[in-house]
1. Kindly write out, for the range 207-214 in residue order, the coupling ³J(HN,Hα) from the Karplus curve 6.51 cos²θ - 1.76 cosθ + 1.60 (θ = phi - 60°), rounded to whole Hz, with x marking Gly and Pro.
2. Each residue of the range 332-349 in order: what ³J(HN,Hα) in whole Hz does its phi give by Karplus 6.51 cos²θ - 1.76 cosθ + 1.60, θ = phi - 60°, with x for Gly and Pro?
3. Could you list which residues have their amide H under 5 Å from that of residue 129, counting only those 5 or more apart in sequence or on another chain, with H placed in the peptide plane?
4. Under a plain spin-label model, where a point goes 7 Å from the Cα along Cα-to-Cβ, how far apart in nm are residue 268 and residue 230?
5. Could you please report the charge total around residue 201, scoring K, R as +1 and D, E as -1 over all other residues with beta-carbon less than 12 angstrom from its beta-carbon?
6. Quickly estimate the mean residue ellipticity at 222 nm for the chain, helices only: each DSSP H run with n ≥ 4 gives -39500 (n - 2.57), and the total goes over all residues, rounded to 500.
7. Where does the charge balance sit around residue 555 when Lys and Arg score +1, Asp and Glu -1, over other residues with C-beta under 10 Å from its C-beta?
8. How long is the gain from residue 687 to residue 367 if the chain were fully straight, where each residue apart is worth 0.36 nm and the alpha carbon distance is subtracted?
Amino acid sequence: MHLSRIAMTRVAALYLAAAACLQASTALALDVTFQVRMATQVLSGNFDPAADAVDLAGSFNGWGSTLMPLQDADQDSTYVVTLGGFNPGDYLEYKFRINGQWDGTEEFPGIGNNRTYTVVDGANLIDVWYNEREAGGGATEPQVPELHWWNDAVFYQVFVRSFQDSDGNGIGDFPGLTQRLDYLNDGDPATDDDLGVTALWLMPINASPSYHGYDVTDYRSIEPDYGTMADFQAFLAAAHARGIKVIIDFVMNHCSSQHPWFTASRANQPGWREWFRWSGSNPGETGPWGQTVWHRMGSVSYYYGLFTSGMPDLNYDTPAVKAEMFDAASYWLDTVGVDGFRLDAVLYIDEDPGSLQNTPATLQFWQDFNTHVESVAPEAMTVGEAWTTTTTAAPYSAAGRLDLCFEFDLAGAVLGAVNGGDADWLGGKLAQVCGDVYRYPQWGTFLSNHDQDRVFSVIGQDPGRMRVAAGLLLTLPGVPFVYYGEELGMTGTGDHRNIRAPMQWTSGANAGFSTAAPWQPLGAGWQQDNVALQDADPGSLLNWYRRLVDVRESAPALRRGTCAVMGSSAAPVLAFVRADSSASPAQALLCVANTSAIAQGAVALTAPAWALAPGIYRGTDLLDAVDVRTFTVDQDGRIANLGFDSHAVKVFALQPVAAAPVTPPAAPRTGLRLEQNHPNPFNPSTTFAYELDAPGRVRISVYDARGRELAVLLDEERDAGAGRAEWDGHDAGGRAVGAGVYFVRARAGAQERMVKATLVK
């Protein structure tokens, strides 16, 4: 039900009055203005200014439990609210919603990360378009890959409790997982009936009082439900014999409140109190998503636990804690022999008053940890769960810290593209990730994991969308991770138990998972979506995954090659070139995905000059050898008049057959010229080159999407010839403008030229 405009206005007045009282009673002086542009939503029919309202939900208002509507005072479809009471350095997470509802009309429903912002000591203006996120960056020259064993791997994420039960108690275990290794990879490259993955990530396997294991009671143990250490070592040996690497979840941020360390600390035993963070009174802090983080113990003590009271955070300011956890890591690497770690909650290791994540000490901690890991096992891999934006996650895998982090923004962009049939934002995000944000190609790619609704549920259980999403996952640069059962189209939403239901092996009793009732009910559709039935169907999702993994394994450019994002004339079509000049022979692949259920015709793709030389190429689709085409790349890197079926995924291996056709020299250009700015996208500044064929007055101005002039870069008499104008992303009043697309117009006499420039932040 829509809230009326009058009702929303009354709520706004009440909120603003309360905010005014709050500001009057606090010494915090910084305001943050949130501004969201709704014009696109209005034009698309998703938002009616006369009946609908847009509000703000974030970590600072209980995610919308306090309604914060925005106002459009001048009725220009730009809605604004200013909130006070912030400190410099405050880290905010938020989204915009329509009519105060979490009903799928909010921004990035179910798939995208929250928007984030760090308050600065000065003006704080957030200016965005509803449901659109800034993109940009991109490689301007071939990347120089930094390569390790994991860059050749496809990982498979396993929840041992839900994979295979061997002893009939309804709980998965290591003997059961060992029995199923041939499904994952039988170790014989001549066979094609296994999935072909070459690495496993095991969710927590240490002793724990919970079903999920993220509250550890002994960091050197095996969860008894899963078997013994001997069972684990037998599994590890069997995996290694098949060429499968194994990394384990290592939960360093927190432990169980039942851990002996916490029991001793709670009892104030000598030497143990400082292993955790205690306070004699409640500091009153709340966590990044508005949660309680200080938990009462008795009548006079509070302890810090970011996630729940049952998982107190370890205090790494105490040297003994750091030493013990580093020793535990050594044990798993050196004594047991695992191949690395997936590291949980890496943003939160060290806390400062008023700053509970992304602290300098946290970054230093991971540098210290990775140095330690490399000293014990130089080839071991570390991958961090930095569930945040690209630019915030990237430092965790820089400067000698972790080997890679999961790229959550890119995962959200993939699902957003296949759900919306529009790859524009995905192309921008891919260009940013492949630019200079990370060490190339050191990031983890995925579609969903154990903390998110399963991907098949997110995309509406649409087989075509699922095939495109899988095709993107296994052709993009980075290290791909497949969540168990994803290759079958397993479903699950809401409660995490639903997302971690038992693996679906057969249509028989208990889906072949156990001879007893499983610890958790099976997911919906298991009778149809299981390994046995899909194995026998050449067109099944399982066999599509097998084909994708096989092609990735056989194509070095997909595992190790550079990536150049191409321009596309069709919004649903994403295209990129993967190339590996070090392969023998050298390999260049044209990868294309049509994210739409509608076939796309007369598509033009444009490659950067460094990615694809002009010429005529013969292209054979590695996923469908029957599809062989001839591609002509002109002098501008353009390939014209292409067609792609609905939800098509293509990987064309390109072989040059002729040089580019010789074209006559272009006639000299006359009149006013305005070149595309460089860099573009840009942050913080960019340059526009222009040229006059005769002396005269030239004016170069910047306009926003509504045609309002923001800044004048140049307005003066100039001699004939070339010149330059720069823009630093500020308007005429010196205020920084928000991320987005801007129009830059040059005028000289009666002549006029215009280009689009994209500012990213």
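Each reported figure results from applying straightforward, stated rules to the coordinates on display, with no laboratory input. A quick note: this is a predicted structure, and the numbers were derived from the prediction, not measured. Counting neighbours? That spans all protein chains shown, and the Cβs are built from the backbone with ideal geometry, glycine included.
1. Result, rounded to whole Hz: 4, 7, x, 9, 6, 8, x, 7.
2. For the range 332-349, the Karplus-derived couplings read 5, 7, 8, 7, 7, x, 6, 9, x, 9, 9, 10, 7, 6, 5, 6, 10, 4 Hz, x marking Gly and Pro.
3. Counting only residues 5 or more places away or on other chains, the set is 37.
4. 4.6
5. Working: positive: 245, 342; negative: 249, 339, 344, 385.
It works out to a net charge of -2.
6. Details: 17 runs with 153 residues, N = 761.
Calculated at 222 nm, the ellipticity per residue is -5500 deg cm²/dmol.
7. Values: positive: 552, 559, 560, 578; negative: 550, 553, 580.
Summing Lys/Arg as +1 and Asp/Glu as -1 gives +1.
8. Working: separation 320, 0.36 × 320 = 115.20 nm, distance 3.68 nm.
Full extension of this stretch gives 111.5 nm more.
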